[in-house]
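The values are calculated or read from the model by the stated rules, or taken from the named source; none is laboratory data. Nothing here was measured: the structure is a model prediction, and the numbers come from that model. Here Cβ is always computed from backbone atoms with ideal geometry, including for glycine, and neighbour counts include all displayed protein chains.
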């Protein structure tokens with residue numbers, strides 16, 4: 001199989017490509033624009049593999065996308081390219097609308113033309129896998145979990161742009177017959193995550209003795225999914241999922257944000273202890289003004305993907321968090337280079353009128 005992965009240089013996309021090269025016989029073409037969030041070094045292990053090819057392109061560039069499809073003749077497309085940070089979407093929503101909505105439309109249009117030109121078995125086997133988020137469903141109260149039938153109710157510019165892209169994919173299937181599958185995942189974490197996200201940000205700040213910002217009261221709840229488990233799930237959905245269906249992928253690991261932050265503090269204290277007499281890292285926690293429109297709780301019901309496709313996470317949150325924190329402590333050169341050039345660790349998502357570079 002030859003697979004076109006969009007956004008393959010990002011956090012989740014790079015994990016998918018590492019999995020595909022290591023665990024399958026697939027040939028992979030990585031189409032990536034290389035924005036600020038492209039992960040340095042995340043694909044170093046596969047870059048010299050003959051089954052890996054990189055194409056530097058923007059999914060909003062129709063000619064470039066059509067040319068890549070024509071040259072490489074993939075058997076499937078896995079679409080992960082997206083602007084993904086909620087805080088950045090608050091400060092600068094335009095990039096999210098352009099990439100997540102317009103880019104998905106351009107990709108769908110090109111994929112449809114390409115698919116229509118295939119013959120026989122190749123046309124029957126082709127798949128377009130759209131990778132999305134649980135944030136499209138909005139905010140849960142104290143009970144219940146998101147299922148594939150949960151109505152969409154996005155509350156941030158990011159989630160609204162992803163909801164729109166989900167609807168475009170559904171429309172291209174029902175109107176034009178494009179063979180699609182969709183997956184919606186919970187919060188990913190793991191090695192190589194860009195340090196603007198909660199777990200790497202708190203880990204790095206704790207190690208450096210800087211304040212640990214927690215939005216509001218820290219009682220917002222997220223369901224956490226280790227990125228390698230997600231990569232395996234995406235391959236399973238692509239190769240075994242039913243055309244036209246969507247699958248919710250979650251880690252069964254709900255945690256309040258404050259509990260995640262405190263767990264990270266304790267791990268850093270254990271793995272990189274301060275000198276005797278130094279206050280524990282929990283003393284660095286600072287409650288800050290909440291994110292505008294902050295969703296209270298997300299929780300995924302993964303029953304469908306478990307029952308139909310026999311997928312389940314292999315990493316529980318305690319072991320996955322320890323692996324992740326250990327990785328950031330051991331890879332200080334990696335995140336220090338990012339902190340020194342691309343993202344300084346400053347607060348985003350305060351509703352600035354122009355995009356914030358970080």
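Assorted remarks:
- Residue list for the range 295-322, filter: in a loop (DSSP other than H, G, I, E, B) and buried (at least 16 other Cβ atoms within 10 Å of the Cβ): 295, 298, 299, 301, 302, 311, 313, 315
- Checking residue 262 against (1) closer than 17 Å to residue 222 by Cα; (2) out of contact with any helix residue (DSSP H, G or I) (no Cβ under 7 Å at 6 or more places or on another chain); (3) surrounded by 17 or more Cβ atoms within 10 Å (Cβ to Cβ), the condition it does not meet: (2)
- Which numbered condition residue 332 fails, given (1) under 14 Å from residue 200 (Cα atoms); (2) modelled with pLDDT under 95; (3) over 20 Å from the mean Cα position of the chain (by Cα): (2)
- Filtering the range 271-286 to residues that are surrounded by 13 or more Cβ atoms within 10 Å (Cβ to Cβ) and touching a strand residue (DSSP E or B) at 6+ places or on another chain (Cβ under 9 Å) leaves 281, 282, 284, 285.
- The criterion of at least 1 residues that are touching a helix residue (DSSP H, G or I) at 6+ places or on another chain (Cβ under 9 Å), free of Cβ contacts under 8 Å to residues at least 60 places away in the same chain and buried (at least 18 other Cβ atoms within 10 Å of the Cβ) is met by the following helices (runs of 4 or more DSSP H) wholly inside the range 45-148: 62-72, 104-116.
- Selection within the range 225-253 - touching a helix residue (DSSP H, G or I) at 6+ places or on another chain (Cβ under 8 Å), within 22 Å of residue 17 (Cβ to Cβ) and assigned to a strand (DSSP E or B): 226, 247, 249
- Lone qualifier among 84, 94 - being at pLDDT below 95 and under 28 Å from residue 198 (Cβ atoms): 84
- Residues that are in a helix (DSSP H, G or I) and surrounded by fewer than 23 Cβ atoms within 10 Å (Cβ to Cβ), drawn from the range 152-162: 157, 160
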